[in-house]
Every structure is written in structure tokens, then in C-alpha cells.
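The values are calculated or read from the model by the stated rules, or taken from the named source; none is laboratory data. These numbers come from a predicted model, not from an experiment. Note that each Cβ is placed from the backbone with ideal geometry, even for glycine, and that neighbours are counted across all protein chains shown. We work out accessible area using only protein heavy atoms, side chains counted, and drop any ligands, DNA or RNA first. Shrake-Rupley method; radii C 1.70, N 1.55, O 1.52, S 1.80 Å.
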Amino acid sequence: MAEMQNDPLLPGYSFNAHLVAGLTPIEADSYLDFFIDRPLGMKGYILNLTVRGEGVVKNQGQQFICKPGDMLLFPPGEIHHYGRSPGAQEWYHQWVYFRPRAYWHEWLNWPAIFAHTGFYRPDEVHQPQFRELFAQIIEAGQAGGRYAELLAINLLEQLLLRRMEAIVVGIAAGVVAGVATPLTMPGIPVLIAGAVAIMVAAVLPGRRSPDTDSEKTKAGEAR
């Protein structure tokens, strides 16, 4: 019987938990410098925040370059095929694997860069807040103890709500192109969807391209 993998950064880890979080520090030619390849995705969600360098995410002949501040959301069953961008010397990204609470459904409906891979990039005002929340989730999730997982899940819920709040505040302040009037409560969901689509469209040019790069590929459940 094969030995169980206890390191979530390496292939073979089971992710048999409601939440697992960590930081993957990929340097060129290091032992972590391989492509994650999960063609059937995972049972839970993966939320990914790039903190240094650049990563590349590939899906059905398309690719997207992740830069610091970019957040990606992979829902259950979504293809996972990503690694360090060949044009960068490093890719440091924080991540959270989680099984969501039932009432989170609306908060997990992110605009997609392709297929069902969600994308969000906080503005400069909110980026420090999201970095701090991510760090707190990882710290709580790795702390151990009776309530560690619950504390981490509550912090993740706060992050998802802060994202919704940041979008609404941005629209209300008129900082999102194409939105000139303050929100009224009945119109919030429609305006949020439209505003996020505008933000994504503004960020994506030059970041998506056909998949032509050669790569090192290694299947596994790491990161």
C-alpha cells in the first residue's frame, strides 16, 4: 500500500478536509517547479492569490498569466492546469482549498477568464486587506487545535464578503467605468455583475493567449 502524502504541496495529498490552506513558493528549477495537472478538477473549491512573480493557468488551448494581486477561483470539477510562467523566475501564490457553506453560493459566482475559472483583482485600496485576510486564513488553518478549521472558514467567509462589499462600494463611488449613479438596493446584483465584467475586461487584454508554451508537466494533487 502506497504511503500517504502529508505535504499538500506535493502530489498524492488527499485534501480530505473542509479547508486546507498554504503558500506555494515556486522558484525556477526548484523541486516545486512543475505543472499541476488535474483534468477532472477537485471535489472542493481552490482560491488562489498570486503574491510574487507570475503563474500561467491553461485550459483547452487558452492561457492566462497571473500577476501579483490576481485572485483565481477554481470551482469543483474545473480543470486545474497551472504552474510558473516560463517568462518568470518565480511564482509565489497563496491558496485555500475549501468545501463551502451552503449559503455561500452567490458569493462564489465569479466572472470567468475561461470555462468556469473565476477571476477577481482588488483595487489598490483593497489589496492590502485581502492579503492580510489570506495570511490570517493560512495561519488559522495551520495552527491546529479544536477550532482551527472553523476559525479559518470564518475568515474565508469574511474574505468573500469583503469582496462583495468592495465591488458595491466601488460602484457606489463611481470608480468603475460605465457606472455613473449610486446604487439602489433592487439593482445591486445586476450592477455588481456588470461592474465585475467591466473590471475583468479591463485587466484581461494581453493576459490571455493561445496555449503554445512547452512545459514540464507533473500530475498530482499538490497546491
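Computed with a 1.4 Å probe over protein heavy atoms only, the accessible surface of the stretch 72-125 comes to 43 Å² per residue.
Grab the other residues whose beta carbon is less than 15 angstrom from that of residue 137, score K and R as +1, D and E as -1, and report the net. Display every interim value, and only then the final one.
Working: positive: 99, 101, 131, 162, 163; negative: 132, 139, 149, 157.
It works out to a net charge of +1.
Each residue of the stretch 56-66 is assigned a 3J(HN,Hα), and the resulting list reads 10, 10, 10, 7, 6, x, 10, 9, 9, 8, 8 Hz, derived from the Karplus form 6.51 cos²θ - 1.76 cosθ + 1.60 (θ = phi - 60°), x at Gly and Pro. Here is the P(r) of the stretch 60-110: all C-alpha pair distances, binned every 10 Å from 0, give 17, 48, 28, 7 in whole percents.
With a Förster radius of 35 Å applied to the beta-carbon distance between residue 102 and residue 29, the computed FRET efficiency rounds to 0.20. Karplus-based coupling profile of the stretch 158-170, in residue order and whole Hz: 4, 4, 4, 5, 4, 4, 4, 5, 4, 5, 5, 4, x, with θ = phi - 60° in 6.51 cos²θ - 1.76 cosθ + 1.60 and x standing for Gly or Pro.
The accessible surface of the stretch 26-182, taken with every protein chain in place and a 1.4 Å probe, is 53 percent carbon and sulfur.
Counted residue by residue at 0.36 nm each, then reduced by the alpha carbon distance between them, the extension gain from residue 165 to residue 40 reaches 41.8 nm.
Under 13 Å from the Cβ of residue 104, count the other residues' Cβ atoms, weight Lys and Arg +1, Asp and Glu -1, and hand me the total. Please list the in-between numbers first.
Values: positive: 99, 101, 163; negative: 106, 157.
Result for the local shell: +1.
Each of the peptides 163-169, 68-74, 17-23, 36-42 was scored by the mean count of other Cβ atoms within 10 Å over its residues; in descending order, highest first, they stand as 68-74, 17-23, 163-169, 36-42.
How long is the gain from residue 115 to residue 18 if the chain were fully straight, where each residue apart is worth 0.36 nm and the alpha carbon distance is subtracted? The partial results should precede the final answer.
Values: separation 97, 0.36 × 97 = 34.92 nm, distance 2.46 nm.
Extending this stretch completely gives an extra 32.5 nm.
Of the residues 91, 120, 104, the one whose Cα sits farthest towards the positive end of the charge dipole of the stretch 27-139 is 104 (charges of +1 on Lys and Arg Cβ, -1 on Asp and Glu Cβ, taken about the Cα centre). If you take all other residues with their beta carbon under 12 Å from the beta carbon of residue 45, and give Lys and Arg +1 and Asp and Glu -1, the sum is +2.
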